[in-house]
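J.: After the structure tokens below, expect a handful of questions from me.
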Amino acid sequence: MLTEDQKRQVIASVQRFEEKVSEYVKGKTELKDYERKIQVKMGELLKVAEEERQMEIAMEVLYGQSKKESVAGKIEEEIKSLQKKTEILRNELTKLKTGLLEQMRNLPIPADLENPKQEDSSIAFPFFEDAKLGKEGIDTICDLFRQEPPIDLGDVIILPGRVVVKDAPSKQEAISKFVQAIRSFRMRVDSLSKSYEQIDEMVERLRKSSQYSGILKVLLRQGTLSLKEIARILGIDERKAYDTCYNLTRSNWSPKPIQRAHAPHSGDWELTLAGEILVNRLLERYPDERLELNSKGTTQTELEK
Amino acid sequence: MNLADIEHKCKEIDTVRKQLETKQIELQRLESEDKKKTQQAQILERLAKLRGDKYEGEHESEELMKTKKDAEDYQKRIKILEREVFKDLMDVTFPIPAEVPKINSERRSVINFEGTPCNHTIKFIASILNSNVPFELDKTELHPDKIIVTNVEKPMQVVERLEALHNNVVRLARIALGERDPDVESVVDYLYGSNYREVWEAVKGRKKITYEDLNSELEAKTPKDQKKIRNFFTNIEQILGGKFPFIRESPGVYGLSFLGSLVWKRYRDKYPEVKEIPKKPHREVSVGDVIEEEEKPGPSTLNKYLSNNEIKEVIYGKEVS
């Protein structure tokens with residue numbers, strides 16, 4: 001599928017990403033180290049300051065002597081210096097994170113689609129040789145996604161060294177699922193880097209039908225639901241609910257916002273990762289859409305009253 | 001822009017508000033009179049129709065229309081003035097003396113304003129949050145002629161509280177103008193992304209919160225869990241510095257500051273409280289693993305057939321394809 005030249009481009013691009021990841025991981029470790037040091041120093045300061053205060057009072061009262069050089073002052077200076085360094089490091093990490101997200105928007109997933117390996121009902125695509133999207137890279141992506149490794153995109157799991165597509169009876173079906181999953185992956189990256197152009201396009205499509213947005217909101221609130229429950233909550237008939245769900249899984253919705261739930265013998269529906277991103281963005285952009293969602297559950301703050 | 005310089009605009013707002021009130025009372029009277037006249041006019045109009053005549057009378061008196069227009073004009077004028085004042089407040093300064101603040105034995109510091117009192121300005125600022133004068137924000141009172149800072153021991157604390165009050169006034173103006181406050185935004189994003197998200201969400205916007213409240217809210221029974229709750233306050237105070245959204249009231253008791261209330265409101269706007277989608281049980285997948293047979297989802301998609309270019313573009317990125 002890829003020419004040798006294209007393959008080299010993929011490998012080079014992944015390598016650039018991995019280099020940035022190493023920098024990011026190093027920075028994070030350093031930051032944690034500084035934060036730990038600050039904590040230790042703070043504890044030390046509390047103890048020393050109290051001791052010094054007692055001593056100072058005693059010296060003044062008993063001997064009329066003024067205080068000597070303060071150890072607490074020194075520790076305070078050290079803490080200030082550490083805090084300054086932490087702030088600088090935090091700013092650097094924010095910049096690195098932005099850079100990483102920017103790279104991830106176009107990061108090639110170095111899977112060799114020509115050499116799939118059947119593993120029971122799953123199909124695995126190994127990475128190209130020399131394409132080092134390894135554990136550190138995967139862990140960092142998960143860290144940015146605020147999830148536990150590996151990169152879990154529903155039926156598609158990206159592991160160090162390979163991509164596994166679950167429940168794929170054929171290579172064609174596996175590639176189709178893989179493409180859907182990577183679209184969701186990129187949508188997640190767009191959402192994290194607040195680049196909403198494509199997401200908003202889909203949000204606007206959702207808003208064209210109250211049933212589309214209604215189903216997504218209901219699934220966000222309730223989790224997995226049967227057609228019967230969706231129809232009841234939205235006050236529409238089951239046939240209409242089925243047609244709307246079906247439409248939302250057609251190829252003109254890519255990535256698909258909803259999918260059939262995986263539990264055996266289940267006719268239930270659930271949100272996909274893309275669906276979660278879309279409905280959250282919908283609620284952020286159009287707070288009035290939240291009214292229905294808020295009618296059950298959320299509390300009013302003092303300021304809202 | 002000095003607080004005193006905004007005074008004349010706030011005074012005008014007060015005057016126009018009073019004029020509007022008078023006009024609205026007049027409007028009520030006229031509307032009630034007009035209601036009676038309208039009923040009569042309707043009767044006459046229907047009778048005229050029956051007689052084959054055209055009814056020439058008026059449905060709404062000229063006086064009523066004029067009063068309505070006057071009331072609308074006053075409302076518009078108030079809105080324009082309010083907007084101007086909010087803009088002025090965005091870079092307001094306080095007319096305070098250039099001397100180190102004194103603290104009395106009750107741990108209070110009174111900072112008198114130089115020049116004439118700003119009655120109308122302070123009343124206007126207080127009205128934004130439906131408060132009376134003096135107006136209190138985070139244990140700092142704003143009077144027309146002075147600021148009183150309570151519960152302080154050192155002059156530097158007084159200065160910090162004055163700075164916080166200033167920031168809060170600017171913040172109020174910014175929010176009233178429909179703009180987002182960058183401090184609120186950064187704290188919201190920090191809390192959402194931090195390890196303490198769960199603890200912060202358990203605060204639930206309460207004005208006063210204790211360690212015990214949070215322990216019970218989060219069912220923190222082990223010393224490790226309880227330590228995380230204590231660390232939440234100490235660590236985020238370290239990290240957020242002046243943007244710390246709480247006020248320490250006594251050991252283990254915190255109050256949500258004004259900034260904290262705004263942060264909570266914005267947090268819930270940005271990240272609504274919704275029931276989490278139950279996660280599918282995670283399965284580790286490795287080569288050779290036997291994956292249980294699951295019922296396949298029905299043939300509900302029409303997107304199986306993708307072109308090579310489409311596949312390449314999605315998986316390998318636009319640069320490669």
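J.: Could you list, ordered by first residue, the pairs with Cβ atoms under 7 Å in which the first is in the range B:26-39 and among the acidic types (Asp, Glu) and the second is modelled with pLDDT of 80 or more, at least 6 apart or interchain?
T.: These pairs meet every condition: B:GLU26/B:THR67; B:GLU31/B:LEU64; B:ASP34/B:LEU64.
Residue-by-condition table, conditions (1) touching a Lys or Arg at 6+ places or on another chain (Cβ under 9 Å); (2) surrounded by 19 or more Cβ atoms within 10 Å (Cβ to Cβ); (3) farther than 30 Å from A:THR272 by Cβ:
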position	(1), (2), (3)
A:LYS80	no, no, yes
A:GLU87	no, no, yes
A:PRO149	yes, no, no
A:ASP155	yes, yes, no
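Each row is one residue, and each column tells you yes or no for (1) small (Gly, Ala, Ser); (2) free of Cβ contacts under 8 Å to residues at least 24 places away in the same chain; (3) under 15 Å from B:PHE94 (Cβ atoms).
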{"residue": "B:GLY115", "(1), (2), (3)": "yes, no, yes"}
{"residue": "B:ASN119", "(1), (2), (3)": "no, no, no"}
{"residue": "B:LYS123", "(1), (2), (3)": "no, no, no"}
{"residue": "B:GLU136", "(1), (2), (3)": "no, yes, no"}
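J.: Could you check the range B:1-42 and list, in sequence order, the residues that are closer than 21 Å to B:PHE113 by Cβ and part of a helix (DSSP H, G or I)? Spell out how you get there, then give the answer.
T.: To start, the set of residues in the range B:1-42 that are closer than 21 Å to B:PHE113 by Cβ comprises B:1-14.
B:LEU3, B:ALA4, B:ASP5, B:ILE6, B:GLU7, B:HIS8, B:LYS9, B:CYS10, B:LYS11, B:GLU12, B:ILE13, B:ASP14 - these are the residues of the range B:1-42 that are closer than 21 Å to B:PHE113 by Cβ and part of a helix (DSSP H, G or I).
J.: Let me ask something additional. So is A:LEU225 hydrophobic (A, V, I, L, M, F, W, C), within 21 Å of the chain's Cα centre (by Cα) and within 12 Å of chain B (Cβ to nearest Cβ) or not?
T.: Numbers: hydrophobic (A, V, I, L, M, F, W, C): yes; within 21 Å of the chain's Cα centre (by Cα): no; within 12 Å of chain B (Cβ to nearest Cβ): yes.
Here the answer is no, as A:LEU225 does not meet what is asked.
J.: I've got another one for you. Just need a number here: residues in the range B:209-260 that are buried (at least 19 other Cβ atoms within 10 Å of the Cβ) and polar (S, T, N, Q).
T.: Residues in the range B:209-260 being buried (at least 19 other Cβ atoms within 10 Å of the Cβ) and polar (S, T, N, Q): 1 in total.
J.: Still on this model: Name the single residue, out of those in the range B:301-315 being in a loop (DSSP other than H, G, I, E, B) and more than 7 Å from chain A (Cβ to nearest Cβ), that is modelled with the lowest pLDDT. First the steps, then the outcome.
T.: From the range B:301-315, those in a loop (DSSP other than H, G, I, E, B) are B:301-307; that's our starting set.
Subset that is more than 7 Å from chain A (Cβ to nearest Cβ): B:305, B:307.
Details: B:TYR305: 55, B:SER307: 76.
Checked the range B:301-315; the qualifying residue modelled with the lowest pLDDT is B:TYR305.
J.: Still on this structure, I have one more. Could you tell me which of the residues B:LYS318, B:LYS265, B:LYS279 is within 26 Å of the chain's Cα centre (by Cα), within 10 Å of another protein chain (Cβ to nearest Cβ) and at pLDDT below 85?
T.: Of B:LYS318, B:LYS265, B:LYS279, the one residue that is within 26 Å of the chain's Cα centre (by Cα), within 10 Å of another protein chain (Cβ to nearest Cβ) and at pLDDT below 85 is B:LYS265.
J.: Name every residue in the range A:10-45 that is without any contact (Cβ under 8 Å) to a residue 24 or more places away in the chain and closer than 26 Å to B:GLU313 by Cα, in order of residue number.
T.: Here is the first cut: in the range A:10-45, the ones without any contact (Cβ under 8 Å) to a residue 24 or more places away in the chain are A:12, A:19, A:26, A:29, A:32-33, A:36, A:39-40, A:43.
Once the filter is applied, which keeps residues that are without any contact (Cβ under 8 Å) to a residue 24 or more places away in the chain and closer than 26 Å to B:GLU313 by Cα, the range A:10-45 yields A:ALA12, A:GLU19.
J.: May I pose another question? Please determine, by comparing only the residues of the range A:125-167 that are touching a Gly at 6+ places or on another chain (Cβ under 8 Å) and small (Gly, Ala, Ser), which one is nearest to the other protein chains (Cβ to nearest Cβ).
T.: Filtering first and then ranking leaves A:GLY161.
J.: Something else now. Identify, please: which residue in the range B:211-256 is under 15 Å from B:TYR190 (Cβ atoms) and in a loop (DSSP other than H, G, I, E, B) and is, among those, farthest from the chain's Cα centre (by Cα)?
T.: This residue is B:PHE244.
J.: Hey, another quick one. Say whether the condition of being of a type outside the set (D, E, K, R) and without any contact (Cβ under 8 Å) to a residue 40 or more places away in the chain is met by at least one residue in the range B:146-155. Can you show your working first?
T.: From the range B:146-155, those of a type outside the set (D, E, K, R) are B:147-152, B:155; that's our starting set.
Now restrict to residues that are without any contact (Cβ under 8 Å) to a residue 40 or more places away in the chain: none.
So far as the range B:146-155 goes, no, none of its residues is of a type outside the set (D, E, K, R) and without any contact (Cβ under 8 Å) to a residue 40 or more places away in the chain.
J.: For the range B:63-166, list the strands (runs of 3 or more DSSP E) that sit wholly inside it and hold at least 1 residues that are at pLDDT 90 or above; which are they? Walk me through how you get there before you give the answer.
T.: Numbers: elements: B:109-112, B:135-137, B:140-142, B:146-149.
Where strands (runs of 3 or more DSSP E) fall fully within the range B:63-166 and carry at least 1 residues being at pLDDT 90 or above, they are B:109-112, B:140-142, B:146-149.
J.: In the list A:SER193, A:SER170, A:SER213, A:SER184, which residue meets the criterion of being surrounded by fewer than 19 Cβ atoms within 10 Å (Cβ to Cβ), of a type in the set (S, T, N, Q) and more than 10 Å from chain B (Cβ to nearest Cβ)? It would help to see each step written out before you state the result.
T.: Working: A:SER170 fails: more than 10 Å from chain B (Cβ to nearest Cβ); A:SER213 fails: surrounded by fewer than 19 Cβ atoms within 10 Å (Cβ to Cβ); A:SER184 fails: surrounded by fewer than 19 Cβ atoms within 10 Å (Cβ to Cβ).
Of the residues listed, the single one that is surrounded by fewer than 19 Cβ atoms within 10 Å (Cβ to Cβ), of a type in the set (S, T, N, Q) and more than 10 Å from chain B (Cβ to nearest Cβ) is A:SER193.
J.: Here is a list of conditions, (1) within 12 Å of chain B (Cβ to nearest Cβ); (2) not in a loop (DSSP other than H, G, I, E, B), and A:LEU101 meets all of them except one; can you say which number that is?
T.: Condition (1) is where A:LEU101 drops out.
J.: Still on this structure, please answer the following. Collect the residues in the range A:62-78 that are at pLDDT 60 or above and either loosely packed, with under 11 Cβ neighbours inside 10 Å or in a helix (DSSP H, G or I) (or both), keeping them in residue-number order. Before you say what the answer is, go through the steps one by one.
T.: Going through the range A:62-78, the residues at pLDDT 60 or above turn out to be A:69-78.
Result: A:GLU69, A:VAL71, A:ALA72, A:GLY73, A:LYS74, A:ILE75, A:GLU76, A:GLU77, A:GLU78.
J.: Taking A:LEU206, is it of a type outside the set (Lys, Arg), crowded, with 21+ Cβ neighbours inside 10 Å and more than 12 Å from chain B (Cβ to nearest Cβ)?
T.: Details: of a type outside the set (Lys, Arg): yes; crowded, with 21+ Cβ neighbours inside 10 Å: yes; more than 12 Å from chain B (Cβ to nearest Cβ): yes.
Yes: the conditions hold for A:LEU206.
The values are calculated or read from the model by the stated rules, or taken from the named source; none is laboratory data. Remember, it's a predicted structure, so these values are computed and weren't measured experimentally. Note that each Cβ is placed from the backbone with ideal geometry, even for glycine, and that neighbours are counted across all protein chains shown.
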